[in-house]
1. Just wondering, is there one or more residues in the range B:270-279 that are open to solvent by 70 Å² or more (accessible area, probe 1.4 Å) and either within 11 Å of another protein chain (Cβ to nearest Cβ) or assigned to a helix (DSSP H, G or I) (or both)?
2. Name the single residue, out of those in the range B:2-44 being more than 14 Å from chain A (Cβ to nearest Cβ) and either more than 34 Å from the chain's Cα centre (by Cα) or open to solvent by less than 60 Å² (accessible area, probe 1.4 Å) (or both), that is modelled with the lowest pLDDT.
3. Looking only at the range B:113-143, which residues are closer than 30 Å to residue B:353 by Cβ, modelled with pLDDT under 80 and open to solvent by 60 Å² or more (accessible area, probe 1.4 Å)?
4. With the condition kept exactly as written, say whether any residue in the range A:43-60 is within 10 Å of chain B (Cβ to nearest Cβ) and either part of a helix (DSSP H, G or I) or among the polar types (S, T, N, Q) (or both).
5. Of all residues being small (Gly, Ala, Ser) and outside any helix (DSSP H, G or I) in the range A:328-342, which is farthest from the other protein chains (Cβ to nearest Cβ)? Just the residue, please.
6. Considering the range B:74-89 alone, what residues qualify as being in a helix (DSSP H, G or I) and open to solvent by 40 Å² or more (accessible area, probe 1.4 Å)?
7. Any idea which residue in the range B:164-193 is surrounded by the fewest Cβ atoms within 10 Å (Cβ to Cβ), counting only those that are facing chain A (nearest Cβ under 9 Å) and not in a helix (DSSP H, G or I)?
8. Which residue, of B:333, B:325, B:293, is open to solvent by less than 20 Å² (accessible area, probe 1.4 Å) and at the interface with chain A (Cβ under 8 Å from one of its Cβ atoms)?
Amino acid sequence: MIPPSAPPPQTTKLRALDLAVAAGLTALLLLAVVNIFLNMSAAGIAPGYGFLVQEAGFDVSESLIPYQPDDTYGRVILTGLVNTIFLAGVCLVLSTAIGVAVGLTSVGPSPLGRVLALGYVELFRNLPKLLVLLVLYVVAVNGLPHVRQAVSLGPVFLSNRSVNFPVPELDATALIPMAVLCAGLLFCVLRSRSRWRKGIVADWKERCLQFAVVLGLPVLCIPVFAVHVGVSVPELKGFDFKGGGRISLQFAIIALTLGLYHGAQIAEVVRGGLQAIPAGQTEAARALGLKRWQVIRLVILPQVVRIVIPPMNNQYVNLIKNTSIAIAVGYSDLMSVTGTIINQTFKPFEMMLITMGLYLGLCTFLTTVLNRFHRRLTERETR
Amino acid sequence: MTGGAMNRLVPFFREAFATPLAGVLSLLACALTGVLAMGAFKWLVLTAVWPWQAAGACKDLAGFCWPFLIEKTRFILFGTYPYALHYRPALVCLILCVFAVVTCRHLVAAAPLLSARQLAASWIAVIVASFVLMGGGIFGLEPVDPVRWNGLPILLILSIVAVALAFPLGVFLSLARVQSSYPLLARFAAAYVEIARGVPMLTVLFVGIFVLPLMLPEGVGISPVLATLVALVFFHAAYFAEDVRGGLLGLPKGQDEAAKSLGMTYWQSTRLVVLPQALRRSLPSLVNSIIGAYKDTSLVVVVGIHDLTATARMSFGDPAWRDNAVEAYALVAIWFFVSCAFLSGIGRTLHRNTVS
């Protein structure tokens, strides 16, 4: 028998070449940076991040945190970032809701529903998101009336500038039921986790009881502590609405666009996940005597969720990145304030590093969270 | 009604109302379809202004305005390109579309028209020819400033040429990432791909438009069209690299090892054994990325390049046609829908071929 030969010796020549290639690439990058600095000083602009503490002097379309035009550039970036996160969050919920509904319909019992769902998916998969955004925006701006003749859908008012809706009016006393609610939720999570470690699984009745207690206690707090509960309803005063909540038309249209656009893609993901479960799974579960709803809850859903998470992760990352198209209709998201800041300060290099870093951070954060969730689910499976 | 249609329709409706849930869903779907169809019928037929009617008739009606399309279609297609020279962008669109279709046929057909090498060579010729035709300045063609390259040709150049150039770069990046002889290079490639895939395309376009000109030595300028093209190439390359890497990782290790044991060098084994198989495996996802890249090209509007979407927006900026935005966008939407549906069809065929 021939003895196995020793592994070939590591060639040092290749290592040297590798170092040389890496050094070349780094040198190229450095050269680009040096050129940027040279070109900037030739144009009389001092490179650096000093501008972040200077006064920005421009206003944003809307802001979730207090902002004035005399705030600093740093604060503008923060405002844009908060707007982007808020937009992404709303779009995430909206697109998931649309996607799951359409995905279920597309494998559902109704053939008409299937045809309609597939038509919707095909339409939005074959159109650019920017075009969808511009069409919806133009239709909304031209089609909806001015603020003073706003269309009223119950207490919600639609106009070509904003959507106004009632919001609960809260003061400091509202903190009591909220704190009770949070404490209750925290207690439940911790309890179920420790019980799960011991291998005890809560049954239906216990869960219902838990639910009732967690929701009921805060409600009980309201009369006991005389919590002020009111509703602020939008009212037309002069040229605009007073009171109530307001989202700008831009925001509503972008959320709708991305909700519909990613909803179509998520519908495909959901459909793929549902079709990946062999029919034998349902049949076996039914044969064991499980009820229809139990089959869905205990057999189908856990498997679908596990299949669907990686592509959903991909979709959500794409969604976060796609919120940047908000710039096209002038919603002050991170991308749009970046554009304005670059035009004002002419520091594109510094600004793009910040913006790309922030987007990268957001996407990485979401991916990490979802990957951890996925790993936990698969671990539970292989237990 | 013929028997065949009846035979298909009856089970269709029986299934549609088989259970209460199905019935409710079917009724909802019916209602929604009815509302949409009625709206479309009213807009396209009942209140439409027909091509033979006077343009002024569009003012008061909310229907589809054909006179607008007759007046503005050429503008939407070619924008502000000199009117007398429109044959040049038209020719560019034609050759780019023809070669895109030929390439797609090449991927799915059993007996391709051209060999892979001929295809690559003709792509180089096509890219050069499109820039020459658009820009002019040689062969007695009147020079045209890139600022006036508008509409469909710029969309096609920025999408097709960017994809054609990004593809080899993506393949190179994926090879650099999976090989193990050059660990530092692999790190560079991995970092590049991950960063480019983690940021929005708009940020990369901004870098192309604002930062790239600063990166060049003093005195060297770059036109916005070219800067956008460079940004798009580098952006799409990262996505292609990820697709090809999927194909490379899916390939059994034995393939490469067998090629090595036959005495092939790295490049021989990569070119003759590994890449052909890896590319065939990654084609379906590559086609998806290409469709995405094509659709996203419309985002160049934001950095001031006037592609099809931008010229559509300009066409109703004209005060006389202010109410005809939807007609302009409908034209663009039909173009995108048809071309993307064609590409999706190619993708589906490829997927079937790889599965079987």
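1. Residues of the range B:270-279 that are open to solvent by 70 Å² or more (accessible area, probe 1.4 Å), as a first pass: B:271-272.
Then keep just the ones that are either within 11 Å of another protein chain (Cβ to nearest Cβ) or assigned to a helix (DSSP H, G or I) (or both); that gives B:271-272.
Yes: one or more hits.
2. B:2
3. Step one: filter the range B:113-143 for residues closer than 30 Å to residue B:353 by Cβ, giving B:113-127.
Now drop any that are not modelled with pLDDT under 80, which leaves B:113-116.
B:113, B:116, listed by residue number.
4. For the range A:43-60, residues within 10 Å of chain B (Cβ to nearest Cβ) and either part of a helix (DSSP H, G or I) or among the polar types (S, T, N, Q) (or both): absent.
5. Of the range A:328-342, the ones small (Gly, Ala, Ser) are A:328, A:330, A:332, A:336, A:339.
Now restrict to residues that are outside any helix (DSSP H, G or I): A:330, A:332.
Working: A:330: 11, A:332: 15 Å.
This residue is A:332.
6. Hits for the range B:74-89 are B:74, B:75, B:77, B:83, B:84, B:87.
7. Looking at residues that are facing chain A (nearest Cβ under 9 Å) and not in a helix (DSSP H, G or I), I get B:181.
8. On the way: B:333 fails: open to solvent by less than 20 Å² (accessible area, probe 1.4 Å); B:293 fails: at the interface with chain A (Cβ under 8 Å from one of its Cβ atoms).
So the residue among B:333, B:325, B:293 that is open to solvent by less than 20 Å² (accessible area, probe 1.4 Å) and at the interface with chain A (Cβ under 8 Å from one of its Cβ atoms) is B:325.
The values are calculated or read from the model by the stated rules, or taken from the named source; none is laboratory data. Worth saying up front: this structure is predicted, and the values here are computed from it rather than measured. When we count neighbours, we look across all protein chains shown, and the Cβ atoms used for this are built from the backbone with ideal geometry, even at glycine. Accessible surface areas use protein heavy atoms only, side chains included; no ligands, DNA or RNA. Shrake-Rupley method; radii C 1.70, N 1.55, O 1.52, S 1.80 Å.
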